[in-house]
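Trainee: Before I ask anything, here is the structure I am working with.
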Amino acid sequence: MHTLAAEGLRKRYGDLSALDGFDLHIPSGVIHGLLGPNGAGKTTAVKALATLIDLDAGSATVAGFDVRTQAAQVRRRIGLIGQNAAVDEVLGGRQNLVMFGRLYGLGKSGARARADELLEIFGLAGAADRAVSTYSGGMRRRLDIAAGLILTPAVLFLDEPTTGLDPRARNEVWAAVRETAARGTTVLLTTQYLDEADQLASEISVMNHGRIIANGTPEALKRQIGGDRVTVTVGLRDDLHDVAHQLSAALGEDGVTDDDTRTVTFELAGVTALAGVVRALDELAVTPEDLLLRRPTLDEVFLTLTEKEPAR
Ligand code: ATP
């Protein structure tokens, strides 16, 4: 069964269709990445699934309850963590979590027990009684996530959880997100960082103009937009354009050159096409400084998919 299922969601703001036939199906306990350029409709989709806005058409269930007719049941089963932290700076981490527990209707001892459990899970037990204002960015984000998990929601909506964090703090938050899913909560992650989706999500949906335009595992999406890439780095910048020209003739396509890094990159029709690259370099008598064979990045997938669609 899907923990989250949406079909044909539509939402208009005046002339603009923020959601225009949005479909999404997510099984339980996974991390699903929702990607899209600015204005694609990600926030609108999350708000609709979290029962914060009314839909014009379509149907959706979260944890088996209808978002349009059973909003109260849905709300009891979701956590929503936006960009702006809801935690209190002056209070300590434990006090914050106890306060959230009480707000969510837990008794005093229940709220304390849940706070201690979450502090332990997210590695904050040692800082539990320090004011949040003294926390690092990563600790604060982990506390935000803990606050969203007080009632062990079936679905956690997580909006750009690592914006503005340094790489170490980002890793800490990623570990917290993975831990959340491992404990059975389905995570819908919206992010602009494609490497974040690549690291965390088992499945990714790419959204544009209010609908999903591609869906699959990160690997499947990379395969979908074409084969491996080969990047040739030359030692001398003067050789770059000759090499690009020769390779382009050998492979029958134009490459992407970058003067700054002295590289030219081609999409390969198959790994055997690599032989053609080596032959062409040999004919030119140019020894490359580096020759790198790699899969497309999720950035390349994203650009290819969203650029195919005209902007609105
Ligand atoms: P971002 O990555 O920039 O947050 P997004 O994918 O989350 O973008 P949405 O915020 O869902 O996109 O917006 C989708 C479209 O709907 C945008 O064109 C936006 O301007 C418009 N929109 C969203 N909310 C409203 C509103 N309350 N009134 C009018 N237009 C809105």
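Trainee: Inside the range 48-58, can you point out the residues that are in contact with a Leu (Cβ under 9 Å, 6 or more places away or on another chain), under 18 Å from V155 (Cβ atoms) and either part of a loop (DSSP other than H, G, I, E, B) or free of Cβ contacts under 8 Å to residues at least 12 places away in the same chain (or both)?
Mentor: Filtering the range 48-58 for residues in contact with a Leu (Cβ under 9 Å, 6 or more places away or on another chain) gives 48-50, 52, 55-58.
Among the residues that remain, those that are also under 18 Å from V155 (Cβ atoms) are: 48-50, 52, 55, 58.
Those that are in contact with a Leu (Cβ under 9 Å, 6 or more places away or on another chain), under 18 Å from V155 (Cβ atoms) and either part of a loop (DSSP other than H, G, I, E, B) or free of Cβ contacts under 8 Å to residues at least 12 places away in the same chain (or both): A50, L52, L55.
Trainee: Looking only at the range 175-188, which residues are within 11 Å of the chain's Cα centre (by Cα) and away from the ligand (no atom under 16 Å from the Cβ)? Outline the logic, then answer.
Mentor: Filtering the range 175-188 for residues within 11 Å of the chain's Cα centre (by Cα) gives 187-188.
Once the filter is applied, which keeps residues that are within 11 Å of the chain's Cα centre (by Cα) and away from the ligand (no atom under 16 Å from the Cβ), the range 175-188 yields only V187.
Trainee: Next question, about the same structure. Residues that are surrounded by fewer than 19 Cβ atoms within 10 Å (Cβ to Cβ) and of a type in the set (K, R): find the strands (runs of 3 or more DSSP E) completely inside the range 217-312 holding 1 or more of those. Even if it seems obvious, please write down each step before you answer.
Mentor: Working: elements: 229-233, 256-258, 263-267, 290-294.
Where strands (runs of 3 or more DSSP E) fall fully within the range 217-312 and carry at least 1 residues being surrounded by fewer than 19 Cβ atoms within 10 Å (Cβ to Cβ) and of a type in the set (K, R), they are 229-233, 290-294.
Trainee: Hey, another quick one. Counting residues that are touching a Ser or Thr at 6+ places or on another chain (Cβ under 6 Å) and more than 16 Å from the ligand (Cβ to nearest atom), which strands (runs of 3 or more DSSP E) fully inside the range 1-42 reach at least 2? If you could, list the steps in order and put the result at the bottom.
Mentor: Working: elements: 2-13, 16-27, 31-35.
By residue number, 2-13.
Trainee: Inspect the range 189-210 for any residue being assigned to a strand (DSSP E or B) and more than 16 Å from the ligand (Cβ to nearest atom) and give the result as yes or no.
Mentor: The initial filter retains those residues of the range 189-210 that are assigned to a strand (DSSP E or B), namely 189-190, 203-208.
Keeping just the survivors that are more than 16 Å from the ligand (Cβ to nearest atom) gives 203.
Yes; the residues of the range 189-210 include at least one that is assigned to a strand (DSSP E or B) and more than 16 Å from the ligand (Cβ to nearest atom).
Trainee: How many of the residues making up the range 173-188 are surrounded by fewer than 20 Cβ atoms within 10 Å (Cβ to Cβ) and outside any loop (DSSP other than H, G, I, E, B)?
Mentor: Looking only at that region, the number is 5.
Trainee: Say whether the condition of being under 25 Å from P218 (Cβ atoms) and modelled with pLDDT of 90 or more is met by at least one residue in the range 233-254.
Mentor: no
Trainee: What about G148, is it crowded, with 18+ Cβ neighbours inside 10 Å and over 17 Å from E196 (Cα atoms)? Can you show your working first?
Mentor: Numbers: crowded, with 18+ Cβ neighbours inside 10 Å: yes; over 17 Å from E196 (Cα atoms): yes.
For G148, the condition - crowded, with 18+ Cβ neighbours inside 10 Å and over 17 Å from E196 (Cα atoms) - is met.
Trainee: Quick check on this structure: which one of V62, V74, V67, V30 is open to solvent by 20 Å² or more (accessible area, probe 1.4 Å), touching a residue at least 12 places away in the same chain (Cβ under 8 Å), closer than 23 Å to E160 by Cβ and among the hydrophobic types (A, V, I, L, M, F, W, C)?
Mentor: Working: V62 fails: open to solvent by 20 Å² or more (accessible area, probe 1.4 Å); V74 fails: open to solvent by 20 Å² or more (accessible area, probe 1.4 Å); V67 fails: open to solvent by 20 Å² or more (accessible area, probe 1.4 Å).
Being open to solvent by 20 Å² or more (accessible area, probe 1.4 Å), touching a residue at least 12 places away in the same chain (Cβ under 8 Å), closer than 23 Å to E160 by Cβ and among the hydrophobic types (A, V, I, L, M, F, W, C) holds for just one of V62, V74, V67, V30, which is V30.
Trainee: Here is a further query. Restricting attention to the range 43-54, which residues are more than 9 Å from the ligand (Cβ to nearest atom) and either outside the structural domain of Y13 (by TED's automatic domain parsing) or buried (at least 17 other Cβ atoms within 10 Å of the Cβ) (or both)?
Mentor: Of all residues in the range 43-54, those more than 9 Å from the ligand (Cβ to nearest atom) come to 48-52, 54.
Correct list: A48, L49, A50, T51.
Trainee: Continuing with this model, one more query. Within the range 59-73, how many residues are among the polar types (S, T, N, Q) and not in a strand (DSSP E or B)?
Mentor: Taking the range 59-73 and keeping what is among the polar types (S, T, N, Q), we get 59, 61, 69-70, 73.
Those still in the list that are not in a strand (DSSP E or B) too: 69-70, 73.
The number of residues fulfilling the criteria is 3.
Trainee: Let me ask you something else. Could we say that F157 is in the same structural domain as F65 (by TED's automatic domain parsing) and farther than 30 Å from G39 by Cα here? Step through it out loud before you land on a result.
Mentor: Numbers: in the same structural domain as F65 (by TED's automatic domain parsing): yes; farther than 30 Å from G39 by Cα: no.
No, not satisfied.
Trainee: Residues being among the hydroxyl-bearing types (S, T, Y) and within 39 Å of the chain's Cα centre (by Cα): count how many of those fall in the range 270-289.
Mentor: Residues of the range 270-289 that are among the hydroxyl-bearing types (S, T, Y), as a first pass: 272, 287.
The next check asks that each one be within 39 Å of the chain's Cα centre (by Cα); those that pass are 272.
Adding up the residues that qualify gives 1.
Trainee: Can you confirm whether the range 154-161 contains a residue that is part of a loop (DSSP other than H, G, I, E, B), out of contact with any Cys (no Cβ under 8 Å at 6 or more places or on another chain) and surrounded by 23 or more Cβ atoms within 10 Å (Cβ to Cβ)? Working first, answer last.
Mentor: Let us first name the residues in the range 154-161 that are part of a loop (DSSP other than H, G, I, E, B), namely 154, 160-161.
From what's left, out of contact with any Cys (no Cβ under 8 Å at 6 or more places or on another chain): 154, 160-161.
Next cut, surrounded by 23 or more Cβ atoms within 10 Å (Cβ to Cβ) only: 161.
Yes; the residues of the range 154-161 include at least one that is part of a loop (DSSP other than H, G, I, E, B), out of contact with any Cys (no Cβ under 8 Å at 6 or more places or on another chain) and surrounded by 23 or more Cβ atoms within 10 Å (Cβ to Cβ).
The values are calculated or read from the model by the stated rules, or taken from the named source; none is laboratory data. As the structure is a computational prediction, the values presented were derived from the model and not from experiment. With ideal geometry, Cβ positions are generated from the backbone for all residues, glycine too; neighbour counts draw on all protein chains shown. When the accessible area is computed, the model is the full protein with side chains, heavy atoms only, and any ligands, DNA or RNA have been set aside. Shrake-Rupley method; radii C 1.70, N 1.55, O 1.52, S 1.80 Å.
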